[in-house]
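What follows is one structure encoded as structure tokens, with my remarks underneath.
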Amino acid sequence: MMQSAVAGDAMMLGLPRATALAAGSGNAPVTAAAAKEASRAAGARVVFESSSSVFGWAQQGVAGAAVCGLVLALRRRSSNRKPIVARGPTYGVFHEYKFRAKPGDKYRYRYSKDKLEPEFGVPPEAEGRVLRYGELMKKGTPQGPANYLKDKEHNGALADRSAQASRGALLLDCDGTLVETERDGHRVAFNRAFKEKGLDIEWEVELYGELLKTGGGKERMTRYFVDFNPKAWPFEDPPAKDHPEIMALHELKTKLFMDIVESGALPLREGVKELLSDAVAAGWDLAVCSTSNEKAVTTIVKTLLPEYAPKMKIFAGDMVKAKKPDPEIYTMAARELGVAPMKCVVVEDSNIGLRSGKAAGMQVVVTKSIYTEDEEFDGADLIVEGLDDVDFDEDIMIMLPQPEFA
């Protein structure tokens, strides 16, 4: 029993099993050297066990750090995913979107304020674009450089077609519309011509106003000699617009009228230049359509509107068979200009001019003059006291039909 106790004590001291058994068997005494060796072995075992414990703790720490890093990486990856309201040009939910700009991609990433418009207008809309309940739910695939250039070409062609569609013609009467020529121009020239030809005739202001209901100077004189003063006609042949004496009188009257115009005695009516300027800026064609002689109309345009004379065509009374209120002069103008009648806007000052323009299938603006302020203008599209009351964009442009392109 005593031997077993000695052997157990020896093993507790860290001695080898054989040594411990030997010590416990009693065959050999336990020497000081053996005890020292046993003590050294026991210390080494304690140090080894301590080192193993520290190494295990280190392993656990590394594993924990790896797990934490993995969790952080997963969270970071989740946070990089697109949110419900995207910061890109594709997945949007609300009506305002913010897009990250990229160099060279200004056509692709933009700040969109209008939820109903694609980034670069229409057409075409981006593929995959979704509108629901009046809200833009998805902007669709970005156009990219190639599609943008193609769309730009397409939009340019549409703009050209739109400009062509909005191109019209502004056709203006001359006497009473551009200039108040009737009372202080034509009437005075007629009276001077009568005097030079030795005729005792004087057209008063009121009488001339009545004669103006007949279009054309030669026709006006014929009416006067037939209906108002037959005794004043000094020739045997009845008066007619193609009578040599009537034609000679009218030629002299035209020369005298041009002298009056060139003297600067007849100014333009207010608003005329502004209206012409707006029409030219909009790309419209300009023309003067008058029952007067071509020379007289040309003189007025060149003298009072020299900057518009090169681009303003003249259509005069001696170029047509029938004068106003017949529509021939306006249909001729539309045909020569290459503009459909429905896209022509006529500016007149008289009832006969209004009837002529309407019979040609055109829109008519009436600007009242001295002699026509009391006339009836039923059927006119716009009636004003003067052209300074007319806004080209709001009053004239809207008169044209506006086609829609698919």
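The values are calculated or read from the model by the stated rules, or taken from the named source; none is laboratory data. Bear in mind that the values here come from a model prediction, so they are computed numbers and not experimental data. Ideal geometry is used to build each Cβ from the backbone, glycine not excepted, and the neighbour counts take in all protein chains shown. For the accessible areas, the whole protein counts, side chains as well, though only heavy atoms, and no ligand, DNA or RNA atoms are used. Shrake-Rupley method; radii C 1.70, N 1.55, O 1.52, S 1.80 Å.
Of everything in the stretch 373-382 that's surrounded by 14 or more Cβ atoms within 10 Å (Cβ to Cβ) and within 25 Å of Ala340 (Cβ to Cβ), which residue is farthest from the chain's Cα centre (by Cα)?
Residue satisfying both the conditions and the ranking: Phe377.
Contact list please: Cβ distance under 7 Å, first residue in the stretch 215-237 and within 16 Å of Ser292 (Cα to Cα) and hydroxyl-bearing (Ser, Thr, Tyr), second residue open to solvent by 20 Å² or more (accessible area, probe 1.4 Å) and not in a helix (DSSP H, G or I), pairs at least six apart or on different chains.
What qualifies is Thr222/Pro239; Thr222/Ala240; Thr222/Lys241.
In the stretch 320-360, how many residues are out of contact with any Gly (no Cβ under 7 Å at 6 or more places or on another chain) and among the hydroxyl-bearing types (Ser, Thr, Tyr)?
Residues in the stretch 320-360 being out of contact with any Gly (no Cβ under 7 Å at 6 or more places or on another chain) and among the hydroxyl-bearing types (Ser, Thr, Tyr): 2 in total.
Scanning the stretch 358-372 for residues that are small (Gly, Ala, Ser) and assigned to a loop (DSSP other than H, G, I, E, B), which turns out most open to solvent (accessible area, probe 1.4 Å)?
Selected residue: Gly361.
Give all pairs with beta carbons closer than 9 Å in which a residue from the stretch 378-392 that is at positive phi meets a residue that is surrounded by 14 or more Cβ atoms within 10 Å (Cβ to Cβ); count only pairs at least 6 apart in sequence or on separate chains.
Close Cβ pairs (under 9 Å, with a partner that is surrounded by 14 or more Cβ atoms within 10 Å (Cβ to Cβ)) amount to Gly379/Leu354; Gly379/Arg355; Gly379/Lys358; Gly379/Val364.
Can you find a residue that is crowded, with 22+ Cβ neighbours inside 10 Å, closer than 23 Å to Glu180 by Cβ and touching a Gly at 6+ places or on another chain (Cβ under 7 Å) anywhere in the stretch 305-319?
Among the residues of the stretch 305-319, at least one is crowded, with 22+ Cβ neighbours inside 10 Å, closer than 23 Å to Glu180 by Cβ and touching a Gly at 6+ places or on another chain (Cβ under 7 Å), which makes the answer yes.
Any idea which of Ile370, Ile329 is over 29 Å from the mean Cα position of the chain (by Cα), over 19 Å from Cys289 (Cα atoms) and touching a residue at least 40 places away in the same chain (Cβ under 8 Å)?
Ile370
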